[in-house]
Amino acid sequence: MAQIISIVNQKGGVGKTTTAVNIAAYLAAFGKTVLLVDLDPQANATSAFNIDHRALGQGIYEVLLGQTTAGRVTLDTRLKGLRLLPATAALAGAAIELVELPRREYRLADALLEARESYDFVLIDCPPSLGLLTVNGLVASDQVLIPVQAEYFALEGLGQLVETVMLVRDNLKPNLDVLGAVITMFDKRNSLSEAVMRDLYEFFPNRIFRTVVPRNVRLAEAPSHGKTILEYDSGSSGARAYERLSRELLGFEV
């Protein structure tokens, strides 16, 4: 049975998609079978694999509406063991169309039932909001991973996110758990980053990954080349961080 993890933060620009894409790449490199679900209408996780979401006929939108199955629209990537359930431009309207559908909060969970039997991990890149798409991602998941940027406003809205997770757990998915938070875009030269880290440890005691992802130019460049950091520059500090984070997620020594 696959372990399904949603990567969530309603604040944009915190490295959410970067985290989802690169953890998926390293888990596959470690020999795991991985499905990455792009649930964000911006389709950045799809573009990260050099796939033009505008040219796709179908994707996760049609799956959520019951027009096709996840297996029929899942794509191979260049990385062995890693497949992608892509987003298309149509996904932007899904939140409205889902409102009237039966089991609207369970559409993704129902669609991924088959995937649970076919992969070791399913990673869901959720949109930067707490709307119906994100709720679908949470309900479909076993655990939640929260990327948090090391900056002044990083903790703003974090309480609302945790409250949403708890509401989903209380009303829709009783076994949903917070896997942890990972600090991204960390600049050790900035004393503010250290302060944010201290605050985060108070907010999530015992739920902070030891690995800290640094602010790294190579990480920022990789998506523009349609590559993961593993493919683009595996020797960079950003690549080493995501390798350690993936090992930590698997329970390996880091």
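The values are calculated or read from the model by the stated rules, or taken from the named source; none is laboratory data. The model shown is predicted, which means the values in this text are computed figures rather than measured ones. Counting neighbours? That spans all protein chains shown, and the Cβs are built from the backbone with ideal geometry, glycine included.
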(message) Based on this model, can you work out whether residue 67 counts as loosely packed, with under 15 Cβ neighbours inside 10 Å, over 15 Å from residue 139 (Cβ atoms) and free of Cβ contacts under 8 Å to residues at least 24 places away in the same chain?
(response) yes
(message) Based on this model, can you work out whether residue 39 counts as touching a Gly at 6+ places or on another chain (Cβ under 7 Å), among the hydrophobic types (A, V, I, L, M, F, W, C) and over 14 Å from residue 226 (Cβ atoms)?
(response) yes
(request) Check whether at least one residue in segment 176-190 is modelled with pLDDT of 95 or more and out of contact with any His (no Cβ under 9 Å at 6 or more places or on another chain), and report yes or no. (result) yes
(message) Which condition from (1) surrounded by 20 or more Cβ atoms within 10 Å (Cβ to Cβ); (2) within 26 Å of residue 2 (Cα to Cα); (3) at pLDDT below 95 is the one that residue 207 breaks?
(response) (1)
(request) Kindly indicate whether residue 166 is in a helix (DSSP H, G or I) and within 26 Å of residue 233 (Cβ to Cβ). (result) no
(request) Confirm whether residue 252 is more than 20 Å from residue 121 (Cα to Cα), among the aromatic types (Phe, Trp, Tyr) and either in contact with a Pro (Cβ under 7 Å, 6 or more places away or on another chain) or modelled with pLDDT under 90 (or both). (result) no
(message) On the basis of being more than 14 Å from residue 23 (Cα to Cα), at pLDDT 95 or above and buried (at least 18 other Cβ atoms within 10 Å of the Cβ), does residue 239 make the cut?
(response) no
(request) Identify all residues within segment 215-228 that are outside any loop (DSSP other than H, G, I, E, B) and more than 18 Å from the chain's Cα centre (by Cα); write none if there are none. (result) 217, 218, 221, 224, 225
(request) Check off (1) free of Cβ contacts under 8 Å to residues at least 60 places away in the same chain; (2) part of a helix (DSSP H, G or I); (3) more than 15 Å from residue 146 (Cβ to Cβ) for residue 243 and give me the number that stays unchecked. (result) (1)
(message) Between 76, 38, which is acidic (Asp, Glu) and either surrounded by fewer than 23 Cβ atoms within 10 Å (Cβ to Cβ) or without any contact (Cβ under 8 Å) to a residue 40 or more places away in the chain (or both)?
(response) 76
(request) Tell me the strands (runs of 3 or more DSSP E) entirely within segment 1-90 that contain at least 2 residues that are over 21 Å from residue 178 (Cβ atoms) and either modelled with pLDDT of 95 or more or in contact with a Cys (Cβ under 9 Å, 6 or more places away or on another chain) (or both). (result) 34-38, 82-85
